[in-house]
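I have placed the structure first, in the form of structure tokens, so that the comments after it can refer back to it.
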Amino acid sequence: MYEKFTYEELVKQLSPANEDEDEETSNNQLTQRNFIEKRRLAMKKILISFTLLAFLLGTAICFAESGIPNLVGTWTVQAEGGVILKGAAHGAKTHHRGEFSALKAEWVVTKQQGRVLHGLFKSPRATEKFVAVIAEDNKSLYQADEDGFLEGQISSNDKINIIYRHSTSKDTVVAVGTLTRKK
């Protein structure tokens, strides 16, 4: 039913009978090779394009999901604290007065670059500069001002719970409070 052929016999039977056909076959083979090569290069370009696109989208998503809160703006401060006087007068930058103290003030973040903040703390008694950082957890805040330190927990986009303390040659202060973003 089926005839058996060796590979050589099969190639001989399928080979063109004359040189014109050989040349035409050779041209067809070149055209096929060119087509295959062009197709391979096109597929390579598509693969590279998709890889680059995936990388760029992945990078954008990583930056978008960094979650660093933007704290630029003006925040109202409500705090209560205690003061120990070490002499006759408070320090020039001491915002709290009296043994027990309530304070209303403003915390103004003027610049933010990534996790680093710069700003001003303004109360009726003084204005002082501060620098602060947002920790890797995007919830903890650490600040140093001209004479003290503040630690905070960012509880929402508009609220930060804080603890402040300083100790100078004139006085020592510790306070607890809340920063609320002004709308």
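Points to keep in mind about this one:
- Neighbour net charge for ARG181 - beta-carbon separation under 9 angstrom, K R +1, D E -1: +2
- In order along the stretch 66-75, the phi-based Karplus estimate (6.51 cos²θ - 1.76 cosθ + 1.60, θ = phi - 60°) of 3J(HN,Hα) comes to 4, x, 5, x, 8, 9, 4, x, 9, 10 Hz; Gly and Pro are listed as x.
- Electrostatic dipole magnitude of the stretch 73-181 [Cβ: Lys, Arg +1; Asp, Glu -1; Cα centre; debye, to 20]: 220 debye
- Each residue of the stretch 172-181 was assigned a 3J(HN,Hα) from its phi angle through the Karplus expression (A = 6.51, B = -1.76, C = 1.60, θ = phi - 60°), giving 10, 10, 9, 8, 10, x, 9, 9, 10, 5 Hz with x at Gly and Pro.
- Across the stretch 84-131, Cα pairs under 8 Å and at least six residues apart give a relative contact order of 31 percent.
- The mean sequence separation of alpha-carbon pairs under 8 Å and at least six residues apart, normalised by the residue count of the stretch 49-155, gives a relative contact order of 18 percent.
- Computed FRET value (nearest 0.05) for ILE36 with VAL72, which takes r as the C-beta separation and R₀ as 41 Å: 0.10
- Summing charges over neighbours of TYR142, with a neighbour being any other residue whose Cβ is under 15 Å away from its Cβ, gives -1 when K and R count +1 and D and E count -1.
- Rg and Dmax, both from the Cα atoms of the stretch 73-181 and both in Å, are 13.4, 42.
- Sequence-distant residues sharing a close amide H with ASP171 (under 5 Å, placed H): LYS86, GLY91
- Working note: Karplus 6.51/-1.76/1.60 with θ = phi - 60° gives the stretch 112-118 the couplings 9, 10, x, 8, 9, 10, 10 Hz, where Gly and Pro are set to x.
- Relative to the current alpha-carbon distance between ILE163 and GLN113, full extension at 0.36 nm per residue lengthens the span by 15.7 nm.
Each reported figure results from applying straightforward, stated rules to the coordinates on display, with no laboratory input. Fair warning: this is a prediction, and the values are worked out from it, not measured in the lab. Using ideal geometry, Cβ is built from the backbone for each residue, glycine included, and neighbour counts are taken over all protein chains shown.
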